[in-house]
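Taking it in order: structure first as structure tokens, then the write-up.
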Amino acid sequence: MIILGIETSCDETSVALVNDLKIISNIISTQKIHEQYGGVVPEFASRAHMTQLLPIVREAFREAQLTFKDIDGLAVTCGPGLAGSLLVGMCFCKGLAASLKKPFIGINHIEGHILAVNAQGLPVEYPAICLVVSGGHTLLIYIKEPTKYKIIGRTIDDAAGEAFDKTAKILGLGYPGGPAIEKNAKTGNEKAIAFPRALMDNDNFNFSFSGLKTSVLYYVESLKKNNREIVIPDICASFQKAVSDVLVEKSIRALQEFKCNTLILAGGVARNSTLRECFEKQCEKYQKNFFVPAPELCTDNAAMIAKAGHIRLQKGEYSDFSLDVVPNLSLSDSF
């Protein structure tokens with residue numbers, strides 16, 4: 001069963017082809033125009049998707065050495081995301097499904113991140129705990145099995161990736177903030193500054209990163225006021241360690257409470273090598289299985305959407321042509 005996946009939820013235009021066993025092709029084009037604005041400009045994003053999508057579809061089929069006639073179904077991100085960007089992918093998918101007379105299904109972007117490790121064919125044992133960390137989401141999810149989810153924790157303000165971007169902006173490091181902070185943190189002292197770890201001791205699995213970002217701002221302003229040196233690597237390393245400590249602590253606690261042996265780390269922030277290493281060490285300490293997608297499957301990509309579609313289409317699920325995009329679509333508890 002070969003599935004064509006389309007992902008256009010934000011500023012990555014991506015098309016992939018997957019089958020039962022592997023990713024056949026996965027083409028990702030990241031829009032560069034947003035860097036000069038310090039964030040994604042929705043109108044520019046949707047225009048770029050319109051320009052890039054068809055050439056990327058052709059490239060995906062060329063790399064896979066397949067034709068439209070070879071696919072058995074299609075999957076497209078229907079939310080959450082930017083309305084205009086989502087509509088570009090949705091309209092393209094519907095038109096192609098109608099012309100090919102093939103079934104298609106709308107996929108929740110968050111479910112795509114959850115199943116990114118499955119797209120690689122990794123031997124994931126369920127039930128499992130999955131931490132999704134990205135620019136827009138920080139969710140802790142109990143997975144009974146693929147497509148069966150229960151959200152057990154979420155951020156009450158900023159997402160982890162959002163905190164990275166805002167902190168990078170405070171430090172003048174540009175956009176996107178995550179890679180810039182990670183690069184600077186490599187030469188910094190993570191113990192230099194005692195930034196707060198919000199909700200660390202609470203008896204729930206929620207997160208809060210707004211206060212951490214504000215602490216960085218106040219710290220930098222204090223240094224400026226007193227004409228003291230701003231050591232950016234130390235600030236980045238200390239900030240990154242504060243984020244990692246909270247994410248790891250809550251995730252390990254969830255594994256224990258829900259009696260799971262598997263932890264999955266997913267989402268764009270999962271590309272952070274320091275965060276990955278922290279999770280690996282703690283999972284080894286507690287003898288838990290740890291899975292994290294390859295770096296290119298952590299950020300927005302169509303392979304994860306295609307895999308989620310593959311699983312659902314195999315179950316006989318599909319969407320009809322009345323399906324619309326839902327920019328604020330949430331991941332619903334499904335069991």
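The values are calculated or read from the model by the stated rules, or taken from the named source; none is laboratory data. Since the structure is predicted, the reported quantities are computational estimates derived from the model, not experimental observations. Backbone-built Cβ (ideal geometry, glycine too); neighbour counts: all protein chains shown.
A few comments on the model shown:
- Residue selected from the range 234-290 under the condition surrounded by fewer than 21 Cβ atoms within 10 Å (Cβ to Cβ) and of a type in the set (Gly, Ala, Ser), by the criterion nearest to ALA116 (Cα to Cα): SER273
- Qualifying residue in the range 22-41 (condition: part of a helix (DSSP H, G or I) and either hydrophobic (A, V, I, L, M, F, W, C) or over 26 Å from GLY161 (Cβ atoms) (or both)): yes
- Of the residues making up the range 166-178, those that are touching a residue at least 24 places away in the same chain (Cβ under 8 Å) and assigned to a helix (DSSP H, G or I) number 5.
- Residue check for PHE239: outside the structural domain of TYR175 (by TED's automatic domain parsing) and either of a type in the set (Phe, Trp, Tyr) or at positive phi (or both): no
- Across the range 1-29, the number of residues qualifying as of a type outside the set (A, V, I, L, M) and loosely packed, with under 15 Cβ neighbours inside 10 Å comes to 2.
- The number of residues in the range 26-53 that are in contact with a Lys or Arg (Cβ under 8 Å, 6 or more places away or on another chain) and either acidic (Asp, Glu) or closer than 22 Å to HIS113 by Cα (or both) comes to 0.
- Scan the range 241-297 for residues that are β-branched (Val, Ile, Thr), touching a Gly at 6+ places or on another chain (Cβ under 8 Å) and farther than 24 Å from GLY188 by Cβ and the total you get is 0.
- In the range 38-53, the residues that are surrounded by fewer than 15 Cβ atoms within 10 Å (Cβ to Cβ) and out of contact with any helix residue (DSSP H, G or I) (no Cβ under 8 Å at 6 or more places or on another chain): THR51
- Among the candidates ALA308, ALA303, the residue that is touching a residue at least 60 places away in the same chain (Cβ under 8 Å), surrounded by 23 or more Cβ atoms within 10 Å (Cβ to Cβ), within 21 Å of the chain's Cα centre (by Cα) and over 16 Å from VAL132 (Cα atoms) is uniquely ALA303.
To keep it simple, each residue is scored yes or no on (1) in a strand (DSSP E or B); (2) closer than 30 Å to GLU221 by Cβ; (3) in contact with an Asp or Glu (Cβ under 6 Å, 6 or more places away or on another chain).
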| residue | (1), (2), (3) |
| --- | --- |
| SER85 | no, no, no |
| LYS94 | no, no, no |
| ASN118 | no, no, no |
| GLY121 | no, no, no |
| ILE129 | yes, no, no |
| GLY135 | no, yes, yes |
| PHE164 | no, yes, no |
| ILE181 | no, yes, no |
| GLY188 | no, yes, yes |
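- Residues in the range 123-156 that are under 16 Å from PHE207 (Cβ atoms) and either free of Cβ contacts under 8 Å to residues at least 40 places away in the same chain or over 17 Å from the mean Cα position of the chain (by Cα) (or both): ILE152, ILE156.
- Any hit, the range 208-221, residues being surrounded by 20 or more Cβ atoms within 10 Å (Cβ to Cβ) and under 27 Å from TYR149 (Cα atoms): yes
- The condition (being in the same structural domain as ALA303 (by TED's automatic domain parsing) and at pLDDT below 95) is satisfied by just one residue among ILE33, ILE71, ILE105: ILE33.
- Verdict on GLY136 being modelled with pLDDT under 95 and not basic (Lys, Arg): yes
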